[in-house]
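Before we start, here is the structure in question, set down as structure tokens.
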Amino acid sequence: MRKWMYGLGKDAAHGASLLKKFGFEAVAGGESAVEETLSKGMDAYLFSGAFRGPAFKGEDWLAEDVDGVKQEWFSSTCPTRREVREYNLSNIRRMAGTPGISGIILDGARFASPMSGKPEAFFTCFCPSCMAKAKEMGFDAEAMKRAVSALRGFLAGKAVDLLPHAEGLEDWLDFRRRATTEHLLDFVNTVHEVNPDLKAGIYIFAPSLCRLVGQNYRDINGKMDLIAPMLYRCYPDADGPACLNVEIARMLDMMKTAHGWSAQERIRHLRALTGIEIEKGATVESLMKGLPVDMLRTETQRARIMAPQGALVPIIEMDDPLLPEASRKVIEGGAEAVSYFLYNEEQLLANEAFFMENN
């Protein structure tokens, strides 16, 4: 079984040595990890965020909800701001010149998820930049805004008929997808322009959640060299963007005041949105405890079907209490390798037998 790790821990030299001993072949992380990773004969991948930067502080850069209220999500700005995108690409260009690396993996290239900050942050972005971009792409931006306002009101308990807004909601999700894909393709082109041999990769939401944040596996199939679905099934903290159990729990919580929906209807709609077989009696509390380990195989299979080209390396929790089984499910789903987030020596040693047997 091929194994990757995110990060090397506080003692990079020791961490790299341990990973090499346990048969790991690649490490993704910051620039400080490159030298030790390469010295042990492993592949080094650099990690980069997307829509953030030291110059983009303050409310002026934040996403806007339908009422024009600024919303912070995942420490990120509005995803369509030209200055932010150009800064990200210039940083990618610099990183791509790092000697010895195998590629760069982009994270956070998306719009806000239900769990990215306050629930209100999900209902974005309608700032002037996004409204202009939507119109440029041929969308009725005002209809999108009205539709999202109606959805937010409905989920808050207002007697709103969503049917007339169905097209606007579809356009909102499609706008998010097209805007995100635009930057992802610019990222790929930037990496390959600097060095055609480098791999351009993405930490992407699981297939069950990606549409909600503007990510689409089919859009990047054959273009992105490396696709790393974030399949965190049992993240223990309530603040966990991209973590399947946390995101789905937040969605169910957002539905609890939806006008006229019974508990059974909430579960039915959650299944329809995600494609995951949520248990009939599921609650926010039960979801937070974690999703079945078998779903890692299912989500990996879905990712492979939607993106049959390129390397598929799902990333799972290093702290998963069923780590060996979770790893095997990912490989059974069709992945070339399994990646772990993040370096944890205690967990490495606790699973030494498994890692050594699967070199």
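The values are calculated or read from the model by the stated rules, or taken from the named source; none is laboratory data. None of the values given here were measured: they were computed from a predicted structure. Note that each Cβ is placed from the backbone with ideal geometry, even for glycine, and that neighbours are counted across all protein chains shown. When the accessible area is computed, the model is the full protein with side chains, heavy atoms only, and any ligands, DNA or RNA have been set aside. Shrake-Rupley method; radii C 1.70, N 1.55, O 1.52, S 1.80 Å.
Restricting to segment 205-220, what's the tally of residues that are in a loop (DSSP other than H, G, I, E, B) and open to solvent by less than 30 Å² (accessible area, probe 1.4 Å)?
The total comes to 6.
Going residue by residue through segment 122-145, is there one that turns out to be surrounded by fewer than 14 Cβ atoms within 10 Å (Cβ to Cβ) and closer than 21 Å to ALA206 by Cα?
no
Additional query: Among what's in segment 5-17 and is assigned to a helix (DSSP H, G or I) and either of a type in the set (S, T, N, Q) or in contact with a helix residue (DSSP H, G or I) (Cβ under 6 Å, 6 or more places away or on another chain) (or both), pick the residue that is farthest from TYR340 (Cα to Cα).
Looking at residues that are assigned to a helix (DSSP H, G or I) and either of a type in the set (S, T, N, Q) or in contact with a helix residue (DSSP H, G or I) (Cβ under 6 Å, 6 or more places away or on another chain) (or both), I get ALA13.
If you don't mind, there's one more thing I want to ask. Pairs, please: C-beta under 6 Å, at least 6 apart or cross-chain, first residue more than 14 Å from LEU173 (Cβ to Cβ) and in segment 215-227, second assigned to a loop (DSSP other than H, G, I, E, B)?
That search, which allows pairs on different chains as well, returns TYR217/ALA307; ASN221/ALA307; ASN221/GLN309; GLY222/GLN309; MET224/GLY310; ASP225/GLY310; ILE227/ALA307; ILE227/GLY310.
Which of (1) among the acidic types (Asp, Glu); (2) assigned to a helix (DSSP H, G or I); (3) in contact (Cβ under 8 Å) with a residue 12 or more places away in the chain; (4) in contact with a strand residue (DSSP E or B) (Cβ under 9 Å, 6 or more places away or on another chain) does GLU64 not meet, given it meets every other one?
Against the list (1) among the acidic types (Asp, Glu); (2) assigned to a helix (DSSP H, G or I); (3) in contact (Cβ under 8 Å) with a residue 12 or more places away in the chain; (4) in contact with a strand residue (DSSP E or B) (Cβ under 9 Å, 6 or more places away or on another chain), GLU64 comes up short only on (2).
Of the residues ARG110, ARG146, ARG177, which single one is in contact with a helix residue (DSSP H, G or I) (Cβ under 8 Å, 6 or more places away or on another chain), in contact (Cβ under 8 Å) with a residue 12 or more places away in the chain, charged (D, E, K, R) and in a loop (DSSP other than H, G, I, E, B)?
Matching residue, one of ARG110, ARG146, ARG177: ARG110.
Which of the residues that make up segment 221-244 are buried (at least 21 other Cβ atoms within 10 Å of the Cβ) and within 18 Å of SER113 (Cα to Cα)?
ALA228, PRO229, MET230, LEU231, TYR232, ARG233, CYS234, TYR235, PRO241, ALA242, CYS243, LEU244
For segment 79-99, give me each residue that is in contact with a Ser or Thr (Cβ under 6 Å, 6 or more places away or on another chain) and either aromatic (Phe, Trp, Tyr) or more than 29 Å from ASP197 (Cβ to Cβ) (or both).
Once the filter is applied, which keeps residues that are in contact with a Ser or Thr (Cβ under 6 Å, 6 or more places away or on another chain) and either aromatic (Phe, Trp, Tyr) or more than 29 Å from ASP197 (Cβ to Cβ) (or both), segment 79-99 yields THR80, ARG81.
Can you tell me which condition VAL313 does not meet? The list is (1) among the hydrophobic types (A, V, I, L, M, F, W, C); (2) surrounded by 17 or more Cβ atoms within 10 Å (Cβ to Cβ); (3) free of Cβ contacts under 8 Å to residues at least 12 places away in the same chain, and all the others hold.
Condition (3) is where VAL313 drops out.
Also, quick follow-up: When only residues in segment 257-270 that are farther than 12 Å from LEU155 by Cβ and buried (at least 16 other Cβ atoms within 10 Å of the Cβ) count, which is nearest to the chain's Cα centre (by Cα)?
LEU270
Which pairs have Cβ atoms under 6 Å, sit 6 or more apart or on different chains, and link a residue in segment 330-349 that is open to solvent by 30 Å² or more (accessible area, probe 1.4 Å) to one that is among the basic types (Lys, Arg) and part of a helix (DSSP H, G or I)?
Correct list of pairs: GLU332/ARG297; GLY334/ARG304.
Table: residues versus (1) of a type outside the set (S, T, N, Q); (2) at pLDDT 95 or above.
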| residue | (1), (2) |
| --- | --- |
| TYR235 | yes, yes |
| GLU247 | yes, yes |
| LEU252 | yes, yes |
| THR257 | no, yes |
| ILE267 | yes, yes |
| ALA272 | yes, yes |
| GLY281 | yes, no |
| SER286 | no, yes |
| VAL293 | yes, yes |
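Only one of these is more than 25 Å from GLU325 (Cα to Cα), open to solvent by less than 60 Å² (accessible area, probe 1.4 Å) and among the small types (Gly, Ala, Ser): GLY15, GLY49. Name it.
The match here is GLY49.
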